[in-house]
Every structure is written in C-alpha cells, then in structure tokens.
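*Asks:* Take this structure first; my questions come after.
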Amino acid sequence: MTEALTRRLAEQLAQIDRDFDRHVGEVQRFMRQPSVSSDSWGIQEMASMVADKIRSLGAECSLVETDKHPIVYGYLDAGADKTIIFYELYDVQPAREAGWIVPPFDAEIVDLAGHGPSIVGRGAANSKGCLIGFLSTLEAIQRSGHNVPVNIIFVVEGEEEIGSPSLPGFVRENAAQLRSAECVYQPYFGENASGTTIVYLGFKGMVCLELTCEGGDWGGPRERDVHAMHSAWIGSPAWRLVQALASMKGMRDASEATTIPGFARSVRPPTPEEVSLLNDLKNSFDEAVVLREQGDAKCFKWARLGGVELLKKYLYEPSLNLNGIASGYSSAGTILPRQAKARLDIRLVPDMEPSQAVDSVRKHLCDQGYEDIRVDVMQAYPPSQSSLAERPADALVRSVRELAPGPVQVWPRSAGAAPHYLFTKGLGVPLAFGGLGHGGKSHSANEYVTVEGLRRHERGICGFLYTLASL
C-alpha cells in the first residue's frame with residue numbers, strides 16, 4: 001500500500017469512528033424489519049430498504065424479481081481501476097426458538113457476559129450486521145470526501161436461507177458484467193470467542209434431502225393414521241424410516257461413520273498450500289474454544305484425535321447430518337402414523353458433486369430393501385475454493401493481519417456452505433470471505449454481534465478495500 005493510500009485509510013477509519021453511533025442505529029433499524037424467507041414475512045419491505053440504502057450511496061440499483069424473492073442488484077461507479085462483486089443476503093431464519101432474552105426482532109443492545117454491549121436479535125450475525133456494516137463503511141468513505149477505492153457490483157439476495165434457488169439463473173443472465181469483477185467479496189464476523197480471527201479460503205458444498213416413508217406395498221396403513229393397538233400386526237412407516245436411517249451410519253461410542261457405499265468417492269486430499277496452512281495451525285488451533293462455542297459440547301466425535309488430524313476430519317471428510325424426524329404425535333396420543341419424514345444434510349468437500357451424493361443415498365436405500373422411501377432434493381450446490389495465490393484472498397489476509405486485535409488463522413475452508421460456487425466455478429471469479437469483529441449464535445436464540453465487534457468489522461472492510469486497490 002502506498003503512503004498516500006495508507007494516509008487515506010487512516011482518514012476513513014477516523015470517519016468510521018465519528019459516524020459509528022449512527023451505524024449501530026442503522027443495523028438495529030434493519031434488524032427490526034423481519035425478512036424470513038421461508039414464509040416471506042417482511043421480504044418485500046426488506047428488499048426495498050436495502051435498495052434504498054444502496055441508492056443513497058449514489059449507486060444505480062433495482063429489484064430483480066424472481067419466482068420467489070427479489071434480488072437487489074446495483075452498481076456503484078467510483079471511477080476506480082478495479083471492480084468487486086459485493087455478495088450478501090438480506091433474508092433470515094425464523095426466530096421461534098425458546099430462550100430469547102429480548103424479543104428477536106427488537107434488536108436491543110444487551111450487556112452480554114463475556115462479550116460486553118451487544119446487539120441481540122435475529123440477523124445480527126447472519127447477516128444484517130455484515131450487510132449494513134459494509135454499506136455504512138462505504139458511506140463513511142464518501143462522507144470523508146473521497147471516492148470508494150473500487151467499483152462495486154451489489155448482489156444481495158433474499159433466498160440464501162432457503163437454498164438460493166433463484167441465484168443460478170440470475171448469475172447466468174448477468175454473467176457478462178459479473179465476470180468482469182476482480183473478486184466476489186462477502187464480509188463476515190471472523191473473530192472467535194478467544195479473540196482469534198479466522199479467514200476461510202473456501203466452503204463445503206451442501207445437499208439437503210427429505211426422506212418420506214409411507215404405507216404401501218411393503219405394509220403399513222395407506223389411507224390414514226390408525227389406532228396404536230394395530231401396531232401388533234400392521235407395519236410402521238416411522239420404524240421403517242428409523243431403520244433406513246440407521247443403515248446409513250455405524251456408531252461406536254460417540255463416533256459416527258457413514259456406511260453408504262461410494263459416499264466419499266471423488267474426495268481429493270489437501271493441496272500443498274492447504275497442507276502448509278494446516279501445519280501453521282498446529283500450535284494455535286484451540287479445541288476448547290470450538291467446543292465452548294458449539295453449545296458447550298463435552299467432546300468431539302473422535303476421542304483419540306486432536307490438533308491437525310481433527311481439523312482434517314472436519315474439513316476434508318463429507319458429513320451426513322440428521323436435522324430432524326417428523327411423524328405422528330409429539331405429545332400425548334397413541335397412533336400408528338401412515339407417514340414419516342426425515343431431513344438430512346450432506347456437506348460436500350472438493351471434488352464431490354451434489355448429484356453423486358444424491359445417487360449414493362438412493363442406491364443405498366434400494367440395496368437395503370427400502371426402495372419405497374422417497375428421496376426429494378430440497379437444495380444442492382457444490383463446494384467452492386480459493387487460494388492465497390489469488391490477489392483477493394491475499395489482500396484480505398494482509399488487511400486482517402494489519403488490523404486484527406489478536407492472532408489470525410487462515411483455514412483452507414469453512415465447513416459451512418454458501419452459493420459462492422456460482423462465482424468461483426461458474427464465472428472464474430475468486431472469493432474473498434471474512435473479516436474482523438465478533439458475533440455468534442447464528443440460527444439460534446440470542447443471536448448477537450458485539451458493538452465493538454461491529455466497529456472492528458467496518459474498519460476491516462475499509463482495510464480490505466484499500467489493500468485490494470493497492471495490489
């Protein structure tokens with residue numbers, strides 16, 4: 001970064017501090033507008049709010065209508081040499097969980113033990129804090145009297161929490177403009193509970209499946225639920241589905257092993273760069289922090305593994321998760337239900353493809369005698385991966401290391417899933433994902449972002465934009 005750019009960055013960081021109280025209020029304002037994609041609650045209102053906020057920056061912006069929810073699509077011409085895609089989501093998960101300490105759409109500031117003043121509510125960490133933090137950072141740069149250092153294509157969708165069904169078509173239709181970008185950038189609260197900032201270079205893919213077992217030729221009631229006394233001689237779809245699910249996993253102590261033949265074929269080993277990154281984590285990876293952040297779990301599945309070998313299990317093996325089972329009564333009642341359903345998610349690693357995973361599940365069920373169980377694909381997308389050899393990832397890591405309040409780790413990927421493959425694989429546009437700041441409990445009661453974490457997050461965004469512009 002040149003001396004002039006360094007001086008300008010310092011001016012922008014000071015402007016963020018001067019404007020920060022207003023930035024906090026903006027995050028609260030957007031969080032107070034519900035935008036639940038699964039039932040469309042508040043979606044149109046939120047899309048319009050995001051578009052208006054982008055237009056206030058002097059950008060062109062429109063709502064691209066889809067079969068479901070609109071995509072906010074805009075362009076800010078800053079007269080810069082480089083252009084980035086800013087990808088983010090404005091939709092959130094429902095907030096029906098018990099245990100909220102404040103109403104989930106009130107966005108109150110609460111003094112959380114161990115974290116200090118924090119904005120608590122649905123969307124704080126995933127992802128309205130990041131979305132509005134980015135837009136507020138651009139506003140601060142402009143208020144200081146300067147242009148934003150890169151041109152920006154805005155792609156903000158309202159369907160990420162339901163699998164981004166409209167995004168592939170949108171990317172195909174706008175490929176010419178999107179392909180011209182230096183990178184796709186999604187800021188994220190990267191600091192964990194111990195103050196270490198983690199930058200991820202990629203994401204696993206995901207397949208979500210719904211399995212349905214009903215009464216049919218194999219047995220079981222076909223027209224309606226029947227009295228439980230008939231379970232003495234009529235087969236149970238619920239038990240049949242449970243047995244089918246059990247055939248997919250081998251259990252020993254707390255460990256799990258997926259027993260579907262061919263499930264992990266096409267999995268590639270770590271690249272030399274990834275091996276080097278894993279080795280760098282030998283002395284800094286803190287297993288206790290991970291357990292504490294995941295609901296205060298007692299231990300990992302693999303009791304004898306730790307350190308880098310545990311990370312390899314986490315990052316380089318596909319997983320099969322049972323999200324839930326639904327059948328019959330969940331309270332008092334005695335019936336033999338005619339139908340049972342289960343939701344599964346599969347996390348894919350390079351070089352797995354979604355169709356391969358789905359085929360392996362269907363074939364396994366047929367081979368085990370459960371050919372009657374229907375398998376519906378609810379959402380599916382492959383992994384995405386970037387490298388430190390690419391300028392955007394390098395710029396992000398440099399800027400995080402420059403501004404982070406504590407240690408920085410670079411992980412080959414996250415075990416989460418996101419539709420970045422549409423840009424990285426479909427368009428050849430590299431990914432920059434991550435940033436400063438701390439938030440947590442996404443998709444759970446008392447989701448939060450710390451107030452000071454939001455400030456650091458905005459400072460990190462500013463640092464990335466100026467670092468990328470200088471390379």
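The values are calculated or read from the model by the stated rules, or taken from the named source; none is laboratory data. Just so it is clear, the model here is predicted, and its values are computed rather than measured. Reconstructed Cβ throughout: ideal geometry from the backbone, glycine too, with neighbour counts over all protein chains shown. All accessible areas refer to the heavy atoms of the entire protein, side chains included, with ligands and DNA or RNA removed. Shrake-Rupley method; radii C 1.70, N 1.55, O 1.52, S 1.80 Å.
*Asks:* Using only C-alpha atoms and all pairs of different ones, pull out the Kirkwood radius for the range 353-410 in Å with one decimal.
*Replies:* Taking the inverse mean of 1/r over all distinct Cα pairs, the range 353-410 comes out at 15.4 Å.
*Asks:* Please report, to one decimal in angstroms, the Kirkwood hydrodynamic radius of the range 169-234 built from all distinct Cα-Cα pairs.
*Replies:* 18.7 Å
*Asks:* How big is D, in µm² s⁻¹, for the range 15-132 by Stokes-Einstein at 4 °C and 1.567 mPa s if Rh is the Kirkwood radius over C-alpha pairs?
*Replies:* After rounding, the answer is 83 µm²/s.
*Asks:* Where both residues lie in the chain, what percent of DSSP beta bridges are antiparallel, nearest 5?
*Replies:* Expressed as a percentage, antiparallel bridges in the chain total about 75.
*Asks:* Accessible area per residue of the chain at 1.4 Å probe, in Å²?
*Replies:* With the other protein chains kept in place, the chain gives 43 Å² per residue.
*Asks:* Show W239, W100, W218 ordered by accessible area, largest first, where the area counts protein heavy atoms only and the probe is 1.4 Å.
*Replies:* Correct descending sequence by accessible area is W239, W218, W100.
*Asks:* Expressed as cubic angstrom per residue, what is the convex hull volume of the alpha carbon set of the chain? Mind showing how you got there, number by number?
*Replies:* On the way: hull volume 74.0 nm³, N = 471.
Expressed per residue, the convex hull around the Cα atoms of the chain is 157 Å³.
*Asks:* Hey, another quick one. Can you pull the percent of the chain's accessible area that's carbon plus sulfur, 1.4 Å probe, other chains left in place?
*Replies:* 48 percent
*Asks:* Rg(Cα) of the range 203-334 divided by 2.2 N^0.38 Å?
*Replies:* So the range 203-334 has a normalised radius of gyration of 1.47.
*Asks:* In square angstrom, rounded to the nearest 10, how much accessible surface does H230 have for a 1.4 Å probe?
*Replies:* Accessible surface of H230 is approximately 60 Å².
*Asks:* Along the charge dipole of the range 304-456, Cβ charges K/R +1 and D/E -1, which of W411, P318, I335 sits furthest on the positive end?
*Replies:* Toward the positive end, the furthest listed residue is W411.
*Asks:* Rounded to the nearest Å, what's the spacing between the alpha carbon centres of the range 36-76 and the range 93-170? Just the number, please.
*Replies:* Taking the Cα centre of the range 93-170 as reference, the centre of the range 36-76 is 14 Å away.
*Asks:* For M378, M352, give the ranking by accessible area with the largest first, probe 1.4 Å. Intermediate values should be presented prior to the final figure.
*Replies:* Values: M378 85, M352 0 Å².
Descending accessible area places them as M378, M352.
*Asks:* What FRET efficiency, computed as 1/(1 + (r/R0)^6) with R0 = 22 Å and r the Cβ-Cβ distance, is obtained for S255 and V308, rounded to the nearest 0.05?
*Replies:* Working from the Cβ atoms, E equals 0.75.
*Asks:* Run the 1.4 Å probe and let me know the accessible area of D286, rounded to the nearest 10 Å².
*Replies:* 70 Å²
*Asks:* Return a single number: how many Lys pairs in the range 228-326, at a sequence separation of 8 or more or on separate chains, have alpha-carbon atoms below 16 angstrom apart.
*Replies:* Lysine pair count for the range 228-326: 5.
*Asks:* Evaluate the Debye formula for the range 309-360 with equal point scatterers sitting on the alpha carbons, no solvent, and hand back log10 of I(q)/I(0) at q = 0.14, 0.18, 0.30 Å⁻¹, in q order, two decimals.
*Replies:* -0.57, -0.72, -1.17
*Asks:* Grab the other residues whose beta carbon is less than 12 angstrom from that of G195, score K and R as +1, D and E as -1, and report the net.
*Replies:* Summing Lys and Arg as +1 and Asp and Glu as -1 gives -2.
*Asks:* How much accessible area does E371 have with a 1.4 Å probe, in Å² rounded to the nearest 10?
*Replies:* 120 Å²
*Asks:* How compact is the range 104-180 by the rule of thumb for globular proteins, expressed as Cα Rg over 2.2 N^0.38 Å?
*Replies:* 1.47
*Asks:* Using only the alpha-carbon atoms, how far is helix 129-143 inclined from the longest principal axis of the chain? Give it as 0 to 90 degrees, nearest 10.
*Replies:* Helix 129-143 sits roughly 10 degrees off the main axis of the chain.
*Asks:* A follow-up question, please. Taking all pairs of different Cα atoms in the range 321-430, averaging 1/r and flipping that mean, what Kirkwood radius in angstroms comes out?
*Replies:* 18.0 Å
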